[in-house]
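Notes follow the structure.
The values are calculated or read from the model by the stated rules, or taken from the named source; none is laboratory data. Computed from a predicted model, the values in this text were never measured in an experiment. Glycine also receives a Cβ, built like all others from the backbone with ideal geometry; neighbour counts cover every protein chain displayed.
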Amino acid sequence: MTGKAALREALEGLAFSGDCRFDEAMAAHTTFKVGGPAELWIQPDAACFLSFTPALLGRAKALGIPVFILGGGANIVAADRGIEGIVLDMGRWAGMLPGPEVLGPGPAEREETGRVFAAFRSGTPADQAACLAASLDLGGLEFLAGMPGSIGGSVWMNARCYEKSVSAVLEETEILDGDGAVRRVPFRAADFGYKKSPFQDRDVLILSALFRLESRPEAELRAVMEAHRKDREAKGHYRFPSAGSAFKNNRAFGKPTGQIIDELGLRGLRRGGASIAPWHGNLLINTGRATAADIRALTGDVREKVFAALGIRLECEILFVGF
Ligand SMILES: Cc1cc2nc3c(=O)[nH]c(=O)nc-3n(C[C@H](O)[C@H](O)[C@H](O)COP(=O)(O)OP(=O)(O)OC[C@H]3O[C@@H](n4cnc5c(N)ncnc54)[C@H](O)[C@@H]3O)c2cc1C
């Protein structure tokens with residue numbers, strides 16, 4: 001573990017406003033509701049974010065303190081023993097970015113090209129971003145309605161639902177690079193794939209994302225978004241704490257991973273308080289008292305059984321942090 005002295009040194013003299021706690025339980029910050037203490041959990045206010053965060057990351061690097069960037073905590077399992085070093089929570093770095101410079105071309109060009117854009121800070125909840133866009137009659141993000149997590153996490157994961165990946169609408173990402181510089185990264189299709197983004201291989205903090213949208217009436221967008229939320233509700237997504245799909249799909253399997261797990265009769269399979277949902281093979285749930293170790297062990301059980309029966313190697317979609 002890093003220890004409080006080094007963590008205090010990392011913070012010393014930096015102008016900060018926001019929330020900051022030692023030994024903060026990660027269970028309070030993940031949709032799985034599991035996870036031990038982060039040595040230091042820190043959630044900077046938007047007002048100080050762009051001055052404080054690069055300085056903090058620079059100090060952490062110099063002191064050898066690991067930093068984990070936390071979006072909505074909707075795709076992670078934090079270890080029971082906790083997370084070493086700093087957990088930087090993006091929750092207050094949220095909202096739509098105003099101004100023509102980030103909203104893309106002016107009205108004249110918009111009319112000519114039909115191209116409209118909207119940019120969001122990375123801590124904006126994905127559902128909220130879809131709502132904010134809809135309130136300006138901008139369509140394209142409806143597929144994210146009802147999906148837990150933040151814009152930053154959805155870009156990092158290249159989240160996918162209702163047959164659409166974030167990469168389908170991403171125009172540009174603004175990042176804080178490992179060397180402390182703010183950079184704009186234009187979208188390149190070749191860098192993205194199924195649940196894959198270029199940011200997974202780099203030490204970067206995603207600051208904001210600019211999306212290429214289309215003009216559509218708000219009422220129409222709201223109807224689609226509501227249908228998605230209802231569909232998720234009907235599929236039992238919110239019934240128990242989880243992180244959504246536990247395993248990735250793969251076209252080479254010939255069918256959805258959930259169906260493979262279903263057909264092997266693994267629904268309801270348990271480890272301690274963790275269970276494969278009795279109603280969906282690819283949903284791993286915390287029935288109330290699961291530990292992170294239970295969840296990890298259960299993913300191992302499923303992978304083993306699927307491999308033994310079919311020779312298929314399932315890949316976890318949920319990320320294990322601090323293990
Ligand atoms: C009920 C439920 C349903 C779900 N359905 C779907 C679905 O349909 N499709 C789908 O794709 N996913 C789904 N998920 C998973 C999850 O919602 C997505 O993966 C989401 O994009 C995760 O975003 P997050 O902000 O919570 O990321 P986190 O879980 O906080 O982090 C995930 C990764 O992203 C990194 N990260 C987060 N923010 C930043 C940032 N600003 N800069 C750099 N790195 C960052 C983290 O370090 C971590 O490595 C579901 C989850 C739940 C609980």
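Return yes when residue 80 is outside any strand (DSSP E or B) and closer than 19 Å to residue 323 by Cβ and no when it is not. Break it down stepwise before answering.
Numbers: outside any strand (DSSP E or B): yes; closer than 19 Å to residue 323 by Cβ: yes.
Taking the combined requirement at face value, the residue satisfies it.
Looking at 216, 188, 184, 232, which is the one that is surrounded by 15 or more Cβ atoms within 10 Å (Cβ to Cβ) and more than 9 Å from the ligand (Cβ to nearest atom)?
Exactly one residue qualifies, and that residue is 216.
Can you name every residue in the range 71-125 that is more than 25 Å from residue 59 (Cβ to Cβ), hydroxyl-bearing (Ser, Thr, Tyr) and at pLDDT 95 or above? Before you say what the answer is, go through the steps one by one.
Step one: filter the range 71-125 for residues more than 25 Å from residue 59 (Cβ to Cβ), giving 72, 74-75, 77, 80, 95-120, 124-125.
Keeping just the survivors that are hydroxyl-bearing (Ser, Thr, Tyr) gives 113, 124.
124 - this is the single residue of the range 71-125 that is more than 25 Å from residue 59 (Cβ to Cβ), hydroxyl-bearing (Ser, Thr, Tyr) and at pLDDT 95 or above.
Consider the range 65-84. How many of its residues are more than 13 Å from the ligand (Cβ to nearest atom) and either touching a helix residue (DSSP H, G or I) at 6+ places or on another chain (Cβ under 8 Å) or among the aliphatic types (A, V, I, L, M) (or both)?
4
Here's the yes/no breakdown for (1) at pLDDT below 95; (2) away from the ligand (no atom under 13 Å from the Cβ); (3) touching a Gly at 6+ places or on another chain (Cβ under 6 Å); (4) more than 27 Å from residue 234 (Cα to Cα):
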{"residue": "128", "(1), (2), (3), (4)": "no, no, no, no"}
{"residue": "131", "(1), (2), (3), (4)": "no, yes, no, no"}
{"residue": "135", "(1), (2), (3), (4)": "yes, yes, no, no"}
{"residue": "150", "(1), (2), (3), (4)": "no, no, yes, no"}
{"residue": "154", "(1), (2), (3), (4)": "no, no, no, no"}
{"residue": "157", "(1), (2), (3), (4)": "no, no, no, no"}
{"residue": "167", "(1), (2), (3), (4)": "no, no, no, no"}
{"residue": "171", "(1), (2), (3), (4)": "yes, yes, no, yes"}
{"residue": "195", "(1), (2), (3), (4)": "no, no, no, no"}
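Can you tell me how many residues in the range 11-52 are assigned to a helix (DSSP H, G or I) and closer than 22 Å to residue 82 by Cβ?
Qualifying residue count, the range 11-52: 5.
Please give the number of the condition residue 265 fails out of (1) over 26 Å from residue 149 (Cα atoms); (2) within 22 Å of the chain's Cα centre (by Cα).
(2)
Quick test for you: out of 221, 207, pick the one residue that is part of a strand (DSSP E or B) and at pLDDT 95 or above.
Just a single option satisfies the conditions, and that option is 207.
Under 30 Å from residue 230 (Cβ atoms) and in a helix (DSSP H, G or I): is that true of residue 146 in this structure?
Considered against the rule, which asks whether it is under 30 Å from residue 230 (Cβ atoms) and in a helix (DSSP H, G or I), residue 146 comes out as no.
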